[in-house]
1. Filter segment 318-338 for residues that are closer than 17 Å to Trp365 by Cβ and in a strand (DSSP E or B) and give the result.
2. Among the residues of segment 145-163, is any closer than 25 Å to Ser269 by Cα, touching a Gly at 6+ places or on another chain (Cβ under 9 Å) and of a type outside the set (Ser, Thr, Tyr)?
3. Checking the conditions here, which among Gly192, Gly186 is in contact with a Phe, Trp or Tyr (Cβ under 9 Å, 6 or more places away or on another chain), of a type in the set (Gly, Ala, Ser) and surrounded by fewer than 19 Cβ atoms within 10 Å (Cβ to Cβ)?
4. Can you find a residue that is of a type outside the set (Val, Ile, Thr) and over 30 Å from Ile616 (Cβ atoms) anywhere in segment 76-92?
5. Which of the residues belonging to segment 554-585 are surrounded by fewer than 23 Cβ atoms within 10 Å (Cβ to Cβ) and either of a type in the set (Asp, Glu) or assigned to a loop (DSSP other than H, G, I, E, B) (or both)?
6. For segment 486-531, name all the residues that are among the hydroxyl-bearing types (Ser, Thr, Tyr) and under 16 Å from Val170 (Cα atoms).
7. Conditions: (1) outside any strand (DSSP E or B); (2) touching a residue at least 40 places away in the same chain (Cβ under 8 Å). Ser543 meets all but one. Number of the miss?
8. Where residues in segment 253-296 are free of Cβ contacts under 8 Å to residues at least 24 places away in the same chain and of a type in the set (S, T, N, Q), which of them is nearest to Tyr329 (Cα to Cα)?
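The values are calculated or read from the model by the stated rules, or taken from the named source; none is laboratory data. Just so we're clear, the structure is a prediction, and the values are computed from it rather than from any experiment. Here the Cβ positions follow ideal geometry from the backbone for every residue, glycine too, while neighbour counts run over all protein chains shown.
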Amino acid sequence: MHLVQRRVENGPSVMKKVYTYTACLTFLFSPIIQASSEPDNFELSLQELLDVEVTSVSKQPQALSKAPAAIYVITSDDIQRSGATSIPQALRDVPGLHVAQLDSQKWAIGSRGFNGRYNNKLLVMMDGRTLYSPEFSGVYWEVQDTLMADIERIEVIRGPGAAMWGANAVNGVINIITKHSADTQGVYLEAGAGDYEQGFASFRFGGKLDGGVTFRGYAKGFERDSLTFNNQDMLFPQRLLMNGVSSDNDWGNVQGGGRVDIPVGSVASLTVSADFYRSQLQQTLFTPTMNPPFYGEFYSDEFDANGWNLLAKYTEAVSATSEYSIQAYYDHARRDESFLGFTTDTVDVDFQYQFKAGTNHNIVWGLGYRYISDDINAAAIISPSNEDASTELWSAFFRDEITLLEDTLWLTLASRIENNSYTGIEVQPNLRLLYKVDDVSTLWSSVAYSVRTPSRAENNWSINAVNIPPNVRVSSLMPAAPFLTKVVVAGNDDYESEELVTYEIGYRFTPSSVFSLDSSVFYNDYNGLRSVTIGPPDLSTLSSGFITQRNFFSNNDYGHSYGIETSAQWLVANNFKMKLNYSLFEGDFSESITQNTDAPKHIVSINADWSLNKYIDMNATWRYTSDVPALSPFTFTNKTIRSHHGVDIGVNWLPVSDVTLSLYGKNLLGGSYVEYEAEQFHIPYRVEPSFYGKLSVLF
C-alpha cells in the first residue's frame, strides 16, 4: 500500500478522494456490519481467491499467488454481485484496464494505453477461441457474448503474453473461461427490464447422460436503448440536426449455444461447444463526401451482424505428471454494415503437451495453425486491393519453469515462434522470475519482447480518411491548400510489425486472511509504431476541383510508457468486503496521428460488498477516470476526454431458495458524460444514469 500512499501525499487530489470515499463507505455501513451475525456469504475467501487456479500465464493450471505476471481474476460471484449484463461491463474495475463505452453498442477496451474502437494490442479469448477480427487485428465487443451466469472466471493479464499466446498479445490478454457443464445442471431462467436495458431474457437447461456425460444448452436475447448524441463539442453538430439524420444507436441481439463434456475412460475428456448469434444494430456515421461546404456527410445505418462457432477439445493424461491436449475450432462471422461489411471464416488447430522433467523442470510446448479467409462485402470509403484474401499463421512455443530453490525461487523461460503471411517469422521471448520472500510476501519480475503484426487495413487497404475544405489546415503535417483535398491513406506491403520490450516488477502481500495487496510496476519501450508517411499530392484530379493527397502507413513512430497498478482487498467482517483498484499511467510518444497512445493518468475504483442477512446482499462501486487525450474523429488532432466519475449500486434479494430479485443502478451521481470517442467516422455519445430490475430462478 506504500506506493499508493506516497502517490496520495505527493499527487493530485483525486487519490485523496479515494480514502475519503473509503472512510465514508465504512462509516455508512458500519451499523449493518456490526448488526449482522450471519456467516461469511462470499463465494471465496481471500485465501481461497489466491489459491484459484489460473491458466492464462503459463497455459497450465497454477495458483494465482504463484503466477509471475500482473494478473487479475474476475470470479462468477463478482459478476453476479455487480449486475454486469455484458463482458465489457464485467471488466470495468480491473486495475490497468481502461474500459469506455462509445455508444449503446460499441466499447473501447485497452490495457496500458493504446485504447480505442480499433485497439489492436489486446488479445481476447473465450475458452481458447480467439475473438479476433483480421480486418483491424481487434475485437468487435458488441458481438462477443455468452450467458453471464455461465462464466466461471475472467483472467486478465496486463502486459505482454506473446510468448504463450502469440502476436497481438502485446499490452494484455483477456481470457474468458466458461463453466464445466457439470456445474450448470438444472434449469436457469433470467428476465429483466429497465430504461437502457429495455428488456432481456435468458434460459439454460443442463442435464446428464449415461457414462458421466454432462451437457447444457442456452438461449438469450435483449433490447438496449440508444445513448444520447453528444452535440456539445462536436465539429459539425448543426449538419446532423439540420438534415434530420437519426442519431439512434439502439440494438438487439439473440444468441444461443451449448456445451457437452464427455469422459473418455478414466484419464481423458472431450469437450464440444457451439454458439450462434444475430444482432440488429443502428449507428450514425460521419464520412467524407465531395459536397460543400463541409465535405462530409452524416448518415444512419441499420445493419445485421451474425455468426457461429464450433469448438472441440480433447485432453488426455499420459501419466501422473504429463498430459496433452488437441483443440480445434471453426468461427464464421458476417457484418453487413455499409461502412465496412465483411465475411470472415477462421479455422484454428492447436496442440499442447505438458510434462515434468526431473524434479526441477515443468515444461509445456505446443504447435498451432490458423487459416483465415475474409471477404470485404461493402465498404463506403475503403478500397481493398483485393476483396477476397486469406492468411495463414504457423506457430510453436516452448516454456520451462525451473525450480532454482525449492519452494522459494522459480525461473521461467519461454518463447514463441510464428510465421505469418505479412511479415514472415517472428520470435517473441520472455523471461520471468518468482521469489517467495516468506509466507506472506512474493516478488516477481519479467522482461518480454512482443510484436503486433499487421492487419489487412495496414497491408492492402486504401482509406479515404478525410476531405479537407479549401484553405483549412487540420494537421501540422499537411499545409492548407486552396483546393478541396481528398486525403487517402494506403496500405503498404512493406509495413512491418510494431515492437515492444516490457520490463515489469510485481509484489504480492497477504499478511492475514482478511487483507491482501497486489501491485505491479511496468515500463514499456515501443518501436516501429504505426505512422503515416506523407506522399506527393496527386494533381491529376485538379480539373474536377480537388487534389488527392496520398499517404502511406509506415513504422516511424516510437515512445515509452510506465505506470503502477495496485489492487487491495479487505475483509472488514464476515459479511462485508471492500476492494480498492488503482492505476497510474504516464506516456511519452512521438507525433502519431493514426492511433491513440495514452491512457487516463488515474483510474480508481472502490467496491463494497455486504450481506445484510441470508436474504439480502448489496453492492456499491465508485469509479473515477481522469482526463485522457484522444484523437478527434473529424480533424485527427488531439483533444481531451474530460474526467468523469459514477456510482453503481445493486441489491439482491432471495425471498425463497433459488429465486433472486435484483435492482441495479448504473453510472449514478456523475451526471451525463462522454467516456471516449472512436478514432474515426463514429460520432460521440454520452453515458447516462440507468436502472434495471432482474428476476433469476434456478431449479
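1. Initial filter on segment 318-338 (closer than 17 Å to Trp365 by Cβ): 318-319, 321-327.
Passing the criteria: Val318, Ser319, Ser322, Glu323, Tyr324, Ser325, Ile326, Gln327.
2. Within segment 145-163, the subset closer than 25 Å to Ser269 by Cα is 146-155.
From what's left, touching a Gly at 6+ places or on another chain (Cβ under 9 Å): 146-147.
From what's left, of a type outside the set (Ser, Thr, Tyr): 147.
Yes; the residues of segment 145-163 include at least one that is closer than 25 Å to Ser269 by Cα, touching a Gly at 6+ places or on another chain (Cβ under 9 Å) and of a type outside the set (Ser, Thr, Tyr).
3. Working: Gly192 fails: surrounded by fewer than 19 Cβ atoms within 10 Å (Cβ to Cβ).
Testing whether each residue is in contact with a Phe, Trp or Tyr (Cβ under 9 Å, 6 or more places away or on another chain), of a type in the set (Gly, Ala, Ser) and surrounded by fewer than 19 Cβ atoms within 10 Å (Cβ to Cβ) leaves just Gly186.
4. Checked segment 76-92: no residue is of a type outside the set (Val, Ile, Thr) and over 30 Å from Ile616 (Cβ atoms).
5. Within segment 554-585, Asp557, Asn574 meet the criteria.
6. Ser497, Thr502, Tyr503, Tyr523, Tyr526
7. The number of the failed condition is (2).
8. Ser266
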